[in-house]
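The values are calculated or read from the model by the stated rules, or taken from the named source; none is laboratory data. Predicted model, so just to flag it, every value in this text is computed and none were measured. Backbone-built Cβ (ideal geometry, glycine too); neighbour counts: all protein chains shown. In case anyone asks, the SASA skips ligands and DNA or RNA and just uses the protein heavy atoms, side chains included. Shrake-Rupley method; radii C 1.70, N 1.55, O 1.52, S 1.80 Å.
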Amino acid sequence: MTASRPRRRRWGLLLAGVLAAACALGGRVGVGADVLIDVASLDPSIRIEMPYATPHNFTGVALYPVARCLLRREVAERLVRVERRLGAEGLGLLVWDCYRPFPVQQRLWALVPDARYVAEPVVRDGRPVAGSKHNRGAAVDLTLVDAAGRPLEMPTGFDDFSERAHRGWAGTSPAARRNLARLEEAMASEGFAPLPTEWWHFDGPGWERYELLDRPLTE
C-alpha cells in the first residue's frame, strides 16, 4: 500500500526539518551524546596548532590528517570562557591537542608505554574500555600566548616526557612558574583539572560521562 499524498507531504516536510537541523549543527561531528564540536566554530580567536597533524612531534610522523580541535560541546564552551577571561588581560590560549581517535592512542602507547605520560588503551571484546580522556573529547593540551600570539615561557615544550614537565618540578624558572600558575588559575575557573605529570594537560569536568571514541578526524 502506498502512502496518501498528504501523508507523503508531511513526511517530506519532516525530512526537510531534519536536514535543516543537521545543517545547523555547523562544526559538530556525530549526534546525541557523542557529539563533538570544532572549537574554532565557537571562537576563532583561540589559536590552534596541532603538532600531531604534522611530522613535528615526538613520533616524527603526522598522526592526524587535519589540524582540528574537536571537543564535547560542554568542554568546548568552558574553553571559550577561559579564552575570553584571558583576553581581558591581553592573553590567550594556544591549543596543541583535543579529541584524539582511539587508534592514535594505541600508536602513542606503543611508542611511550608509560602511564605517567600516555594513558594505556585497553580493548575488550573488540571495543575500547580504557584510554585517554582525549579519546573521550574531554581533555585539552594547551599553553598561554600574549596578545601577539607568542607563547609565554613555560617549564618545557610540549610532550616533554621528563620530570621537568611535572607541575611540581623545583627547577622551573620564576617566569615559567608565574605563567603556569596563571594558566592553571584560568583553567580551574571553568572546572578543568590539571594532570600532575604534564603541565599542558587539563581534563574537563564530567569527563567520565563521555565514552571512548575511535571516530577519525576529518575535514
Across (1) basic (Lys, Arg); (2) surrounded by fewer than 19 Cβ atoms within 10 Å (Cβ to Cβ); (3) in a loop (DSSP other than H, G, I, E, B), ARG107 clears everything bar (3)
Given (1) out of contact with any Lys or Arg (no Cβ under 8 Å at 6 or more places or on another chain); (2) farther than 20 Å from MET50 by Cα, where does LEU212 come up short, assuming only one miss?
(1)
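I'd like to know if region 160-176 contains one or more residues that are in a helix (DSSP H, G or I) and within 23 Å of GLY204 (Cβ to Cβ).
Residues of region 160-176 that are in a helix (DSSP H, G or I), as a first pass: 163-165, 174-176.
The next check asks that each one be within 23 Å of GLY204 (Cβ to Cβ); those that pass are 165.
Within region 160-176 (the criterion being in a helix (DSSP H, G or I) and within 23 Å of GLY204 (Cβ to Cβ)), the answer is yes, since at least one residue qualifies.
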I need the full set of residues from region 149-170 which are loosely packed, with under 15 Cβ neighbours inside 10 Å, over 14 Å from PRO196 (Cα atoms) and not basic (Lys, Arg), in order please.
GLY149, GLY157
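Residue by residue, here is whether (1) touching a Leu at 6+ places or on another chain (Cβ under 6 Å); (2) under 26 Å from ARG182 (Cβ atoms) holds:
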{"residue": "ARG84", "(1), (2)": "no, yes"}
{"residue": "TYR99", "(1), (2)": "yes, yes"}
{"residue": "ARG107", "(1), (2)": "no, no"}
{"residue": "VAL123", "(1), (2)": "no, no"}
{"residue": "ALA139", "(1), (2)": "no, yes"}
{"residue": "LEU144", "(1), (2)": "yes, yes"}
Just to verify a result, which residue in region 33-50, among those that are open to solvent by 20 Å² or more (accessible area, probe 1.4 Å) and either assigned to a helix (DSSP H, G or I) or of a type in the set (D, E, K, R) (or both), is farthest from ARG68 (Cα to Cα)?
ALA33
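Filter region 122-148 for residues that are assigned to a loop (DSSP other than H, G, I, E, B), open to solvent by 20 Å² or more (accessible area, probe 1.4 Å) and under 15 Å from VAL104 (Cβ atoms) and give the result.
If we filter region 122-148 for residues that are assigned to a loop (DSSP other than H, G, I, E, B), which is where we start, we get 125-126, 131-132, 137-138, 147-148.
Filter once more, keeping what is open to solvent by 20 Å² or more (accessible area, probe 1.4 Å): 125-126, 131, 147-148.
Once the filter is applied, which keeps residues that are assigned to a loop (DSSP other than H, G, I, E, B), open to solvent by 20 Å² or more (accessible area, probe 1.4 Å) and under 15 Å from VAL104 (Cβ atoms), region 122-148 yields only GLY131.
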Which one is farthest from LEU79 (Cα to Cα), of the residues in region 171-184 that are surrounded by 15 or more Cβ atoms within 10 Å (Cβ to Cβ) and either modelled with pLDDT under 95 or among the small types (Gly, Ala, Ser) (or both)?
THR172
Hey, ALA119 under 17 Å from ASP203 (Cβ atoms), modelled with pLDDT under 95 and aliphatic (A, V, I, L, M) or not:
yes
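Any idea which of VAL75, VAL80 is part of a helix (DSSP H, G or I), under 16 Å from the mean Cα position of the chain (by Cα) and crowded, with 19+ Cβ neighbours inside 10 Å? Working first, answer last.
On the way: VAL80 fails: crowded, with 19+ Cβ neighbours inside 10 Å.
Unique residue meeting the criteria: VAL75.
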Residues within region 185-219 that are over 16 Å from TRP96 (Cα atoms), assigned to a helix (DSSP H, G or I) and either of a type outside the set (Phe, Trp, Tyr) or modelled with pLDDT of 95 or more (or both), tallied
5
